[in-house]
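The values are calculated or read from the model by the stated rules, or taken from the named source; none is laboratory data. All figures in this text were calculated on a predicted structure; none of them were measured in a lab. Virtual Cβ from ideal backbone geometry, glycine too; neighbours counted across all protein chains shown.
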Amino acid sequence: MNGRLLEVNNLQTHFFVRRGIVKAVDGVSFKIDKGKVLGLVGESGCGKSVTAMSILRLIPSPPGKIVGGEILFRSEDESGNEEEIDLLKLSLIEIRKFRGKRISVVLQDPMTSLNPVFTIGNQVGEPFRLHEKLSGPALLKKIIEVLKRVRIPNPDVRIADYPHQFSGGMRQRVSTAMGISCNPQLLIADEPTTALDVTIQAQLLKLFEQVQQESNMAIILITHNLGIVARLCDRVCVMYAGRIVEDGSVRRIFKEPAHPYTRALMESVPRLGKKKRLFSIEGQPPNLLFLPTGCSFWPRCSFADEKCKQEYPPITSIEGDDYVRCWQYSGGTVS
Amino acid sequence: MSDVVLAVNKLTKYFPVRAGLVFDRTKGYVKAVDGVTFEINDGQTFGLVGESGCGKTTIAKLLLLLEPLTDGSILFKGKTLAEMNNEEMREYKFSIQAVFQDPYSSLNPRMRACDIISEPMTTAGGFTKVDKEDRVKELLEVVGLLPESASMYPHEFSGGQRQRVAVARALSVNPKIIILDEPVSALDVSFQAQILNLLGDIQERFGLTYLIISHDLAVVENISDTIGVMYLGKLVESAPAASLYSEVQHPYTRALLSAVPIPDPDVEVTQEVLGGEVPSPLNPPKGCRCHPRCSLKQVICAEQEPEFRAGHRVACHFDTN
Amino acid sequence: MTAMSSNTNETSLSAGTQTRKAHQLLTFIRRGPTIPALIIITVILCAIFAPYLAPHDPQKIDPKARLTPPAWSEGGSGKYLLGTDSTGRDLLSRIIYGARVSLIVAVIGISISATLGTILGLTSGFFGGITDMFIMRIVDVMMSLPVLFLALAFASVIPSGMYIIILIVAFFGWSHYTRITRGEVLSLKERDFVALARVAQASQKRIMLKHILPNPTNTLTVLVTLDVGGVIMFEAAFSFIGFGVQPPTPSWGNILSEGQNYLTTAWWIATFPGLALMAMVFSCNFIGDWLRDALDPKLRQL
Amino acid sequence: MVWSISICLGILSAVKRGTWIDTITRVYVFAGQSVPDFWFALILILIFGVKLGWLPTSGYGGVKHIILPAMALGLFGGAALTRLTRSGMINVLDSEYVKLARAKGLPERTVLFKHALKNGSIPLVTIMGPLLARMFSGALIIELVFAWPGIGRLTYQAVLNSDFPVVQCAVLMSTTLLVLGNLAVDIIYVLVDPRIRSFRKRRA
């Protein structure tokens, strides 16, 4: 398993709130290979952003806490031999070396993810100054070079501008520049294009593809837009109420979804050119404070039976790394 | 052919941009909507698609009389609003209702669901308390909510349920037309499907006419009979939903369609990415508005504004398919 | 016919509403701030039933018992629980009557300034344009005036007494309310439900009263509670420098100012009214803050 | 002087939210805002002046004379400032760009002082105006209690013997001083927040 870059096993992140414990992420396991794109898909509140943020331990500590599991990051250190580090066991200072250098982040909302009171040159330069101890003209050259890489017009002039002087699309390119500045091995993109228009989104997706190929960078793409997943991702994890209910290659997930929830998602998305009545899942997503016993999807699942109501289904593998968590699964699509 | 219930002719709306420290001189105009013409047939759904800033929401506001017209006219059942007397105007006002995008801001947090739904009835007058209660119960049932939710406050509903209350409110005075401004963009996929199906069923049952506005092409295409594509205040193309997708003509529409990611990994990505940024509506480019970003632009595009060709109506000098 | 979504979640909703209402009410009381609430209630009781509660007549001078220390320290007598002041009047009953003054000033003063402020805030926020600009300019000026100075100027013209303080509180207090209500109205005006009300042909008046007005009640209640503390403090300060309530009628302020010159000998004269004042203002602020968290729907969900 | 301590206290309690430092600051803030400054002054005199005799209870003189009045005067303003810094810092610390700053691997110190502080201080500047006004009225009382000859005392005596011209000129002077103060606040505001600065640049 040479290509393995990151392996997350049974990750649990809970939020301790006045009214109880919100099990935002409750036993999530998945793997990513070098240079591959993994899609984390699910409706709002299913815990996909919390999972991603837990990797870099960016969970706000008063309410949230990572209570279990391990995150194994495999990388060669300077002398080239492979070493596997569990990010959860690292001290704060050590994890900081990872952030921005080996693993970096692009956030969703371009309007708020850049600091309004600092110039973009200053902000893009920070990872260089920190991780590669650059300064002066060398730093300036590097900043302009990475801004060119994300195709920002005349970067040498725009370097002194403030974030509010950029359009949404441009700002997202700036945060991408910040993300890829130190050529990380893994980029976590939390709904990078949701706040953008379709044509600007297409431009950004194209940029992501180029950057990914150029530096063979693995990407965890978090989104609720199945179209983007189909276009960019190699593997997909479908999440529901804090757990991964299905994990598989893009082709299999779209062609032959195993879990009833994945199939329902596929059929409730309107598709261009095909005018038909959408399949709609009844009811609402469960309240993470009072999760139903057994599989958390049974109140909305038309195949649920007694067994589903008692126990949470275990991981049953389909082929290779693909797996699904559903009692009704017996090869092919549940029907 | 069913008659045209609502039509718009050369609709124009300029927003003056004020500047100056103390005395506001009008420095320029944002040409939000610039000469848009289309008709909607009775019982049909007309979809308006376009990116942010193309003026589609402004059109909704103009039709709902929330903003005064700068130029052009609105025709209701063949009669322009200007010519209408008070009685007809009143009929127009109560035959058009709306559902907006953000479920959290379209319901008054201080009012119970039953008051919210019956609000248009109270302002219209002529309904007794009992009529209103029955009507509310009936409407709740139509939109798939339980009768008990009548006494609940907005913060006790989920996003999807709030949008159902908003739909119930729009139905309360039996309108003929409902304007849907991004009705599902703020909702999750499962709620989106529920609301779209609900809107489809209600249209059949009450014979309503919809004007649906969205930036999400797939949503609009799924529910609309004819679709209009807008760019920077102008209608660049409008055609029946089926043919718009198969034989698209305008370069902007083609780019728009190809930019929508298809949820199917096998579909080869024919990427016709529009370069550059949307120009500012304060001083739109001369001639055809999308010439700065259009891959097929010629000299003529920059000078002369293309006329709206009939049939599969396209506003472009060239026949591009 | 339309898809009836009567799955389990919906039905549990109806049964749930009654019990949830009771549940919310219960938590509202149990977790409420009990101590400050008690303090405020006792103060209000003293103000209303002062004559029955006070052990002695606040004005009755008892020359023999001048400057007797509080009962528990040596030389104190059971008759005067908290001791007496320079002219032998019972400190405890004077403080109880003092509460009456503070509350009257607070209640009347704030009701005037709150209503005035809200109306102005509503009009300037709703109509905007010149009226808005005009009102807001006045508010900006008012906010940066040295209140006490101008109050002094007032005092030199009008004969002092309780009414002048109420006048000053009303005159200076409203700008705060206007600014907050205006902000609230401006944000509400943009909200969709106001546009929808206009689509439903609701008249301007109806929109303002039925749709916009009930919304800022939350923030207003919080503001009023916080303001009560502030006004009481102001009244005390004003009487302290001798312009507010004139002796002999007792007010926490003027008892304190008397206590000042006897600080070294009779420390209790100054300390107790101050303590009462602090307890009252402290509990008002505490309740105000707690209300802000409790009433703000966004916070409550979490 | 007291103000600077209260601002740092505000930052500290925001950063260490939920810990004991936070609770102490909140108590200080409540106390600060509900303790009448003149009563606090009396208590200070009582403890330091009378009982311990360290500091002179009143009168004008050397440095020792300044400590008590300054503390009394600073208390109220300080409490308001701490509360504001705390709430300002809290919603800045939850913002996305702070999350991104951390994701870049910046040490907590830089995240806090460089990114968070500059944004957190904007609400502080806005309150300076009304706070200045409050300070003036507070000063008047403190001057009386500590028998300090200042504008406050002057106006007080003038009002006592209803000598109008003095009253008017004192009030006028203090108000103008205040207006100047507010003007200064506006100027600082522009310096701190680039969005306003470039707004003018683009329009001019």
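For the reader, a short list of remarks on this structure follows.
- A:Ala218 away from every other protein chain (no Cβ under 12 Å) and buried (at least 22 other Cβ atoms within 10 Å of the Cβ): yes
- Candidate set from segment A:268-288 (those that are more than 7 Å from every other protein chain (Cβ to nearest Cβ) and buried (at least 19 other Cβ atoms within 10 Å of the Cβ)); member that is farthest from A:Glu43 (Cα to Cα): A:Leu288
- So B:Arg164, is it touching a Gly at 6+ places or on another chain (Cβ under 7 Å), part of a helix (DSSP H, G or I) and either at pLDDT below 85 or basic (Lys, Arg) (or both): yes
- Criterion (surrounded by fewer than 22 Cβ atoms within 10 Å (Cβ to Cβ) and modelled with pLDDT under 85) met by exactly one of A:Ser302, A:Ser249: A:Ser302
- The single condition from (1) within 14 Å of another protein chain (Cβ to nearest Cβ); (2) on the phi < 0 side of the Ramachandran plot; (3) of a type in the set (Gly, Ala, Ser) that A:Ser29 fails is (1).
- Cβ-Cβ distances below 9 Å connect the following pairs, each with a first residue in segment A:110-121 that is within 7 Å of chain D (Cβ to nearest Cβ), a second residue that is in a loop (DSSP other than H, G, I, E, B) and acidic (Asp, Glu), and a separation of six or more residues or different chains: A:Pro116/D:Asp193; A:Val117/D:Asp193.
- Number of residues in segment B:58-70 that are more than 9 Å from chain C (Cβ to nearest Cβ) and in contact with an Asp or Glu (Cβ under 9 Å, 6 or more places away or on another chain): the value is 2.
- Restricting attention to segment A:51-69, the residues that are in contact with a Ser or Thr (Cβ under 7 Å, 6 or more places away or on another chain), outside any helix (DSSP H, G or I) and under 16 Å from A:Asp190 (Cβ atoms) total 2.
- Test: residue in segment B:207-216 that is away from chain A (no Cβ under 14 Å) and over 27 Å from A:Val269 (Cβ atoms): yes
- The residues listed here are B:Leu65, B:Leu107, B:Leu48; of these, the one that is in contact (Cβ under 8 Å) with a residue 40 or more places away in the chain and part of a loop (DSSP other than H, G, I, E, B) is B:Leu107.
- Exactly one residue among A:Ser75, A:Ser61 is surrounded by fewer than 19 Cβ atoms within 10 Å (Cβ to Cβ), more than 30 Å from A:Gly227 (Cα to Cα) and touching a residue at least 60 places away in the same chain (Cβ under 8 Å), and that residue is A:Ser75.
- When we screen A:Ser113, A:Ser75, A:Ser104 for residues that are within 24 Å of D:Asp94 (Cβ to Cβ) and in a strand (DSSP E or B), the only hit is A:Ser104.
- Some residue of segment C:277-290 being facing another protein chain (nearest Cβ under 8 Å), more than 23 Å from the chain's Cα centre (by Cα) and either at pLDDT 75 or above or more than 19 Å from C:Ile44 (Cβ to Cβ) (or both): no
- Selection status of B:Ala98, modelled with pLDDT under 85 and touching a strand residue (DSSP E or B) at 6+ places or on another chain (Cβ under 7 Å): no
- Residue within segment B:215-223 that is among the polar types (S, T, N, Q) and under 21 Å from B:Lys10 (Cα atoms) present: no
- Enumeration of residues in segment B:180-206 that are farther than 15 Å from B:Ala168 by Cα and either within 9 Å of chain A (Cβ to nearest Cβ) or touching a strand residue (DSSP E or B) at 6+ places or on another chain (Cβ under 7 Å) (or both): B:Asp181, B:Glu182, B:Ser185, B:Asp188, B:Val189, B:Ser190, B:Phe191, B:Gln192, B:Ala193
- The listed residue being more than 22 Å from A:Pro285 (Cα to Cα), at pLDDT 85 or above and in a strand (DSSP E or B), out of B:Leu139, B:Leu180: B:Leu180
- The residue that is farthest from the chain's Cα centre (by Cα), counting only those in segment A:153-190 that are assigned to a loop (DSSP other than H, G, I, E, B) and crowded, with 21+ Cβ neighbours inside 10 Å, is A:Ser181.
- Filtering segment D:168-204 to residues that are part of a helix (DSSP H, G or I), at pLDDT below 70 and out of contact with any Pro (no Cβ under 9 Å at 6 or more places or on another chain) leaves D:Ile196, D:Arg197, D:Ser198, D:Phe199, D:Arg200, D:Lys201, D:Arg202, D:Arg203.
- The listed residue being within 23 Å of C:Thr118 (Cα to Cα), over 18 Å from the mean Cα position of the chain (by Cα) and surrounded by fewer than 19 Cβ atoms within 10 Å (Cβ to Cβ), out of C:Leu188, C:Leu209: C:Leu209
- Strands (runs of 3 or more DSSP E) within segment A:3-50 that include 1 or more residues touching a His at 6+ places or on another chain (Cβ under 9 Å): A:20-33, A:37-41
- Pairs, first of a type in the set (A, V, I, L, M) in segment A:300-315, second part of a loop (DSSP other than H, G, I, E, B), C-beta under 7 Å, six or more apart: A:Ile315/A:Arg325
- Test: residue in segment B:253-261 that is part of a helix (DSSP H, G or I), free of Cβ contacts under 8 Å to residues at least 40 places away in the same chain and closer than 30 Å to A:Gly248 by Cβ: yes
- Subset of segment B:118-137 [within 12 Å of another protein chain (Cβ to nearest Cβ), without any contact (Cβ under 8 Å) to a residue 40 or more places away in the chain and either among the polar types (S, T, N, Q) or more than 26 Å from C:Ser203 (Cα to Cα) (or both)]: B:Thr122, B:Thr123
- Scanning segment B:83-95 finds no residues that are part of a loop (DSSP other than H, G, I, E, B), of a type outside the set (Val, Ile, Thr) and facing chain C (nearest Cβ under 10 Å).
- As a summary of the residue check, B:Gly144 satisfies the conditions (1) part of a helix (DSSP H, G or I); (2) closer than 25 Å to B:Thr45 by Cα; (3) more than 21 Å from the chain's Cα centre (by Cα) except for the one numbered (1).
- Residues considered: A:Val150, A:Val124, A:Val146, A:Val106. Of these, the only one that is buried (at least 19 other Cβ atoms within 10 Å of the Cβ), more than 14 Å from chain D (Cβ to nearest Cβ), among the β-branched types (Val, Ile, Thr) and within 23 Å of the chain's Cα centre (by Cα) is A:Val150.
- Helices (runs of 4 or more DSSP H) contained entirely in segment A:226-330, each with at least 2 residues that are touching a strand residue (DSSP E or B) at 6+ places or on another chain (Cβ under 6 Å): A:226-232, A:250-255, A:260-267
- Where A:Glu94 falls short, out of the listed (1) of a type in the set (Asp, Glu); (2) closer than 20 Å to A:Asn183 by Cα; (3) part of a strand (DSSP E or B): (3)
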